[in-house]
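**Student:** Just dropping this structure here.
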Amino acid sequence: MTHSMNKRRALRLIARMAAWAGVAALAGVNLAACTKSKPSFNAVDITGADYAKDFSLADADGKARTLADFKGKVVVLFFGYAQCPDVCPTTMSEMAQVKQQLGADGDKLQVLFVTVDPERDTPAVMKAYMGAFDPAFVALIPTTEQLQALSKDFKVYYKKVEGKTPTSYSMDHSAASFVYDPEGRLRLYARYGAGVPAMVSDVKALLKS
């Protein structure tokens, strides 16, 4: 076998390999085009988490509520209390802005506020507190026993901090929000301080998914 024949065969083999690589690349492009891209979120994506799946708690009217009541909406659930000096009012104010910035889709957002201070956060107090931000926001008032069970299920922290008088205590508590998609599936863990634009973007992404 001559050197020129070996060279021709080598060139033919290289040409075939290049063609195969091109076909494989094209197939990869087609496959990528057919595959739905995974949405990118600003909050922590906890899709598939095996906790915080549901609840059954009374609202300020005494009606039992579960996640199923809000199907078709993105649900943002937050734990706090009415006398909270900073984190809670900031979060609720931001959520009111998020709803406003969603425009026509604002009605597809449901904010739920679970009090960690059922002793002072009576139905009347909770109605007034929600009304200060958005009357459509729903306050949920657990019993002491329900709150204990809920904190374990949702992996949240709360602790009573005694004040100068028996009624002037404060509550230390987790400051993040749990975000559910319109099918009622837990999807995101939104840390406090992320800001309005980040939440608006995430809610829009969940409404499209």
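Just so it is clear, none of the values below were taken in a lab; they were calculated from the coordinates. All figures in this text were calculated on a predicted structure; none of them were measured in a lab. Because the Cβ atoms are built from the backbone with ideal geometry, glycine has one as well, and the counts that use them run over all protein chains shown.
**Student:** Considering only C-alpha atoms, what is the centroid distance from the range 155-209 to the range 105-148, in Å?
**Tutor:** Comparing the Cα centres of the range 155-209 and the range 105-148, I get a distance of 13 Å.
**Student:** Can you give the local net charge around Leu67? Use residues other than it whose beta-carbon is closer than 11 angstrom to its beta-carbon, Lys and Arg +1, Asp and Glu -1.
**Tutor:** With Lys, Arg at +1 and Asp, Glu at -1, the net is +1.
**Student:** Which FRET efficiency value, to the nearest 0.05, is calculated for Ala104 and Ala149 with the Förster distance at 35 angstrom and r the Cβ-Cβ distance?
**Tutor:** Efficiency computed from Cβ-Cβ geometry: 0.40.
**Student:** So how many Lys-Lys pairs in the range 42-155 land under 20 Å Cα to Cα, not counting same-chain pairs under 8 apart?
**Tutor:** Count of close lysine pairs: 15.
**Student:** Which FRET efficiency value, to the nearest 0.05, do you get for Thr122 and Thr47 by plugging their Cβ-Cβ distance into 1/(1 + (r/R0)^6) with R0 = 41 Å?
**Tutor:** E(calc), rounded to 0.05, equals 0.70.
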